[in-house]
1. Cβ-Cβ distance below 7 Å, separation of 6 or more or different chains: which pairs start in region 205-232 with a residue that is closer than 23 Å to residue 153 by Cα and end on one that is open to solvent by 40 Å² or more (accessible area, probe 1.4 Å) and not in a helix (DSSP H, G or I)?
2. Out of all the residues in region 22-41, which are out of contact with any strand residue (DSSP E or B) (no Cβ under 7 Å at 6 or more places or on another chain), crowded, with 17+ Cβ neighbours inside 10 Å and assigned to a helix (DSSP H, G or I)?
3. Restricting to region 191-249, count the residues that are outside any loop (DSSP other than H, G, I, E, B) and small (Gly, Ala, Ser).
4. Quick one: count up the residues across region 1-19 that are at pLDDT below 95 and either over 15 Å from residue 203 (Cα atoms) or among the basic types (Lys, Arg) (or both).
5. Tell me, please, whether a residue that is in a helix (DSSP H, G or I) and open to solvent by 40 Å² or more (accessible area, probe 1.4 Å) can be found in region 99-107.
6. Do the conditions hold for residue 170, that is, is it out of contact with any Cys (no Cβ under 6 Å at 6 or more places or on another chain), within 14 Å of the ligand (Cβ to nearest atom) and within 16 Å of residue 34 (Cβ to Cβ)?
7. Scan region 55-111 residue by residue and report those that are closer than 19 Å to residue 176 by Cβ and acidic (Asp, Glu).
Amino acid sequence: MTLVLVHGGVSGVDKAMPGLQDAIRAGATQSNALDAAEEAVRSLEDHPELNAGYGAVLNRAGEVELDAAIVDGARGRWGGVANVRFRNPVSLARMVMERTPHVLLAGTGAQEAGVAFGLEEMNESSPEQHERWARERDAGRLGLESYGRSEHVDTVGVVVLDEASRLCAASSTGGVLGKLPGRVGDSPILGAGTYASSGAAVVGTGVGELFLETLACLRAARLIEEGLDPQAACERTVSLLGERQQVAAGLLALDTGGRVGAAFRGGSWSVWGPEGPIGAVCLGPARD
Ligand code: GLY
């Protein structure tokens, strides 16, 4: 059976994370790790309370700009998209990987490619996210000084191992609430917010700039490939992130033996596997 692990995004505050069990089910029906990763993330993207696809947070201008990536660790292939407006950007990321000679598409060109591939465009997020954006704007919390507040960050992601020992990883996000238009986060960048190889699959959640500057997922994966237990690799890498900046940040990892790692800094983080919630180790609070 395909092993699927999903997360609903780290938060500075204690927050319910609905929809994770449905995503596990959607992924576990697939025998191929890549199909499982895509199906699980699509399920998360369709959920209005998760920051991806239909539930995505908005940028400073109140617009939807989504990022996503999918990585096929066994074949060493990946695809990413940035600043797009589709309900399921993870599927566009897979199309970039499989149907174009490219790896990463952004902005207008990525949007045009998705339309040409027949994907459903999405110019509005959920009503709750538009209301949230208006509340934050009215309270003066969309300025640069508020950027990355721990209740403004979250992302969804999955790591998968199939019966043929293939590892895959995928992430999808609206990014950080109030980000500048055009900002690209870590989720669509290999090694920053999403990574998989033949030996490890890792996804990250939190303020993307920290993951981009440290290539956090690649670091954790390298430790696992060198033989470290995924839990120890996640804890060591999240500790290192905390030495730079004590913002909300989490890492979820899986190896070919099905060993899982999950560690974070922040108020809450829901990670689920086939048996239910997985206790991610909290290494400390996030400081805004
Ligand atoms: N980790 C999601 C982002 O910063 O865009």
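1. Every condition considered, the pairs that remain are 210/245; 212/189.
2. Those that are out of contact with any strand residue (DSSP E or B) (no Cβ under 7 Å at 6 or more places or on another chain), crowded, with 17+ Cβ neighbours inside 10 Å and assigned to a helix (DSSP H, G or I): 26, 35, 39.
3. Let us first name the residues in region 191-249 that are outside any loop (DSSP other than H, G, I, E, B), namely 194-196, 200-206, 208-214, 216-225, 230-244, 249.
Filter once more, so that each one left must be small (Gly, Ala, Ser): 196, 200-201, 204, 206, 208, 216, 220-221, 232-233, 239, 242, 249.
Count: 14.
4. Matching residues across region 1-19 total 10.
5. Within region 99-107, one or more residues are in a helix (DSSP H, G or I) and open to solvent by 40 Å² or more (accessible area, probe 1.4 Å).
6. For residue 170, the condition - out of contact with any Cys (no Cβ under 6 Å at 6 or more places or on another chain), within 14 Å of the ligand (Cβ to nearest atom) and within 16 Å of residue 34 (Cβ to Cβ) - is met.
7. Within region 55-111, 63, 65, 67 meet the criteria.
So that you can scan it fast, the table gives a plain yes or no per residue for (1) farther than 26 Å from residue 17 by Cβ; (2) within 16 Å of the ligand (Cβ to nearest atom); (3) in contact with a Ser or Thr (Cβ under 9 Å, 6 or more places away or on another chain); (4) open to solvent by less than 40 Å² (accessible area, probe 1.4 Å):
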{"site": "112", "(1), (2), (3), (4)": "yes, no, no, no"}
{"site": "116", "(1), (2), (3), (4)": "yes, no, no, no"}
{"site": "125", "(1), (2), (3), (4)": "no, yes, no, yes"}
{"site": "166", "(1), (2), (3), (4)": "yes, no, yes, no"}
{"site": "183", "(1), (2), (3), (4)": "no, yes, no, yes"}
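The values are calculated or read from the model by the stated rules, or taken from the named source; none is laboratory data. Remember, it's a predicted structure, so these values are computed and weren't measured experimentally. Neighbour counts are summed over all protein chains in view; Cβ atoms, including those assigned to glycine, are modelled from backbone coordinates with ideal geometry. To get the accessible areas, we keep the full protein, side chains included, count just its heavy atoms, and leave off ligands, DNA and RNA. Shrake-Rupley method; radii C 1.70, N 1.55, O 1.52, S 1.80 Å.
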